[in-house]
Amino acid sequence: MQVIERVTELTATLEARRASGVAVGLVPTMGALHDGHASLIERAAAECELVCVSIFVNPLQFGSLDEVGRYPRDLASDLVVAEKAGAGVIFAPPVEEMYPQMPAVGVHVAGGLGATLEGASRPGHLDGVATVVAKLLAMAGACRAYFGEKDYQQLLVVRRVVVDLSFPVTVVACPTVRAIDGVAESSRNRLLSRSEREAAPVLCRALRAGAAAILAGESERSEVVALMTAIIEAEPLVELDYAEVVDAASLRVPERLEGALRLLVAARVGATRLIDNVGLAG
Ligand code: PAF
């Protein structure tokens, strides 16, 4: 496995491999790799001859330097996880390599997609994600790019980046990987204390209860939101940010609970903000 820090080397390496007929898969990450990342890399390795995993904690998508500093990092263990899952190239650039001049020119996620849910709760976050993903796609060139459904709004943003900025990239959405108690795999889970980790399944429980209510015939969105809210608020270590049911394609609040829907929650578990979601097919 080759570890690359420079953009020119990354682009030249992937370009040369593509020229010899190799299909390239890209798995963008911020490191602290877990089973969810491993599943993305394995899927990419099953579909592409060369898998590049990027590991970069992107400062543009955090609210403060404090938050950037708190994000878990473990490059040595990441290299082991990535290689075992099938990565051939690791791209782990220093910040100055990604952003030679700050403030950087970036991508703005316009309209409702950028303003709702994570966009409303974390101003600038989705623009930061869109900017770094656009840069990574520009560096990687034609490829298949793998993203987890755990960050559902991010996935929709990435799809818009690819279409609106005309990248020769196919976005592949991969299912959320969960621990046995239902907690969605996330690098941030490493920041939870033991009692916080024990409280964290409440997010998934609330989502499953909301989905079950809709499947059982509940047609009032506000009732489903109230149900999820009550379940999460009953857990003292968890502070709810939002619980919502939206149209799966537009993220708009639907007039009626029909068609493809997404139930999403965001909450602080202690000092750590977690998000999760489940889908209902139309
Ligand atoms: O999902 C993540 O880890 C990040 O948001 C991403 C897509 C790698 C961009 O920094």
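Looking only at segment 158-169, filter to residues that are surrounded by 13 or more Cβ atoms within 10 Å (Cβ to Cβ) and closer than 24 Å to Gly119 by Cα; which one of those is nearest to the chain's Cα centre (by Cα)?
Among those residues, the one meeting the criterion is Val158.
Tell me which residues, restricted to segment 139-153, are more than 20 Å from Arg262 (Cβ to Cβ) and within 14 Å of the ligand (Cβ to nearest atom). It would help to see each step written out before you state the result.
Of the residues in segment 139-153, the ones more than 20 Å from Arg262 (Cβ to Cβ) are 139-145.
Selection gives Met139, Ala140, Ala145.
Restricting to segment 1-22, what's the tally of residues that are surrounded by 15 or more Cβ atoms within 10 Å (Cβ to Cβ), in contact (Cβ under 8 Å) with a residue 40 or more places away in the chain and over 25 Å from Gly128 (Cβ atoms)?
2
Quick one: Arg197 ticks every box in (1) surrounded by 18 or more Cβ atoms within 10 Å (Cβ to Cβ); (2) under 18 Å from the mean Cα position of the chain (by Cα) except a single one, so which number is it?
Condition not satisfied by Arg197: (2).
Sort through Arg6, Arg17, Arg43 and tell me the only one that's under 22 Å from Gly148 (Cβ atoms) and of a type outside the set (A, V, I, L, M, F, W, C). Talk me through it step by step, then tell me what you get.
Values: Arg6 fails: under 22 Å from Gly148 (Cβ atoms); Arg17 fails: under 22 Å from Gly148 (Cβ atoms).
When all the criteria are applied, what remains is Arg43.
Residue-wise test of (1) of a type in the set (A, V, I, L, M, F, W, C); (2) farther than 22 Å from Arg273 by Cβ; (3) crowded, with 20+ Cβ neighbours inside 10 Å.
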| residue | (1), (2), (3) |
| --- | --- |
| Val68 | yes, no, no |
| Ser77 | no, yes, no |
| Ala134 | yes, yes, no |
| Arg144 | no, yes, no |
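In this structure, does Ser54 turn out to be modelled with pLDDT of 95 or more, surrounded by fewer than 20 Cβ atoms within 10 Å (Cβ to Cβ) and of a type in the set (S, T, N, Q)?
Judged against the criteria, Ser54 is not a match.
Within segment 228-239, can you find the residues that are surrounded by 19 or more Cβ atoms within 10 Å (Cβ to Cβ) and of a type outside the set (Val, Ile, Thr)? Step through it out loud before you land on a result.
So the first thing to find is which residues in segment 228-239 are surrounded by 19 or more Cβ atoms within 10 Å (Cβ to Cβ), and the list is 228, 231-232, 235, 238.
Within segment 228-239, Met228, Glu235 meet the criteria.
What is the one condition in (1) surrounded by fewer than 19 Cβ atoms within 10 Å (Cβ to Cβ); (2) more than 19 Å from the chain's Cα centre (by Cα) that Ala206 does not satisfy?
(1)
Please determine, by comparing only the residues of segment 174-184 that are within 16 Å of the ligand (Cβ to nearest atom) and buried (at least 18 other Cβ atoms within 10 Å of the Cβ), which one is farthest from Arg268 (Cα to Cα).
Of everything passing the filter in segment 174-184, Cys174 is farthest from Arg268 (Cα to Cα).
May I ask you to list the residues in segment 127-138 that are within 9 Å of the ligand (Cβ to nearest atom) and within 19 Å of His37 (Cβ to Cβ)?
Across segment 127-138, the qualifying residues are Val129, Val132, Val133, Leu136.
Pairs under 6 Å by beta carbon, first residue within 13 Å of the ligand (Cβ to nearest atom) in segment 154-170, partner at pLDDT 95 or above and assigned to a loop (DSSP other than H, G, I, E, B), six or more apart or different chains?
Filtered contacts from segment 154-170: Val157/Val109.
When residues of segment 80-112 are filtered for being more than 15 Å from the ligand (Cβ to nearest atom) and either surrounded by 19 or more Cβ atoms within 10 Å (Cβ to Cβ) or on the phi > 0 side of the Ramachandran plot (or both), how many remain?
Selection size over segment 80-112: 5.
So which pairs qualify, if the first residue must be in segment 44-57 and within 10 Å of the ligand (Cβ to nearest atom), the second must be of a type in the set (D, E, K, R), the Cβ gap must be under 7 Å, and the two must be at least 6 apart or on different chains?
Ile55/Asp78; Val57/Arg73
Can you tell me how many residues within segment 233-253 are farther than 18 Å from Arg160 by Cβ and either in contact with a helix residue (DSSP H, G or I) (Cβ under 7 Å, 6 or more places away or on another chain) or of a type in the set (A, V, I, L, M, F, W, C) (or both)?
The number of residues fulfilling the criteria is 11.
Output the number of residues of segment 250-282 satisfying the condition of being in contact (Cβ under 8 Å) with a residue 40 or more places away in the chain and within 23 Å of the chain's Cα centre (by Cα).
Here the count works out to 22.
The values are calculated or read from the model by the stated rules, or taken from the named source; none is laboratory data. Bear in mind the structure is a predicted one, so any value in this text is a computation, not a measurement. Please note: Cβ atoms are built from the backbone with ideal geometry, for glycine as well, and neighbour counts cover all protein chains shown.
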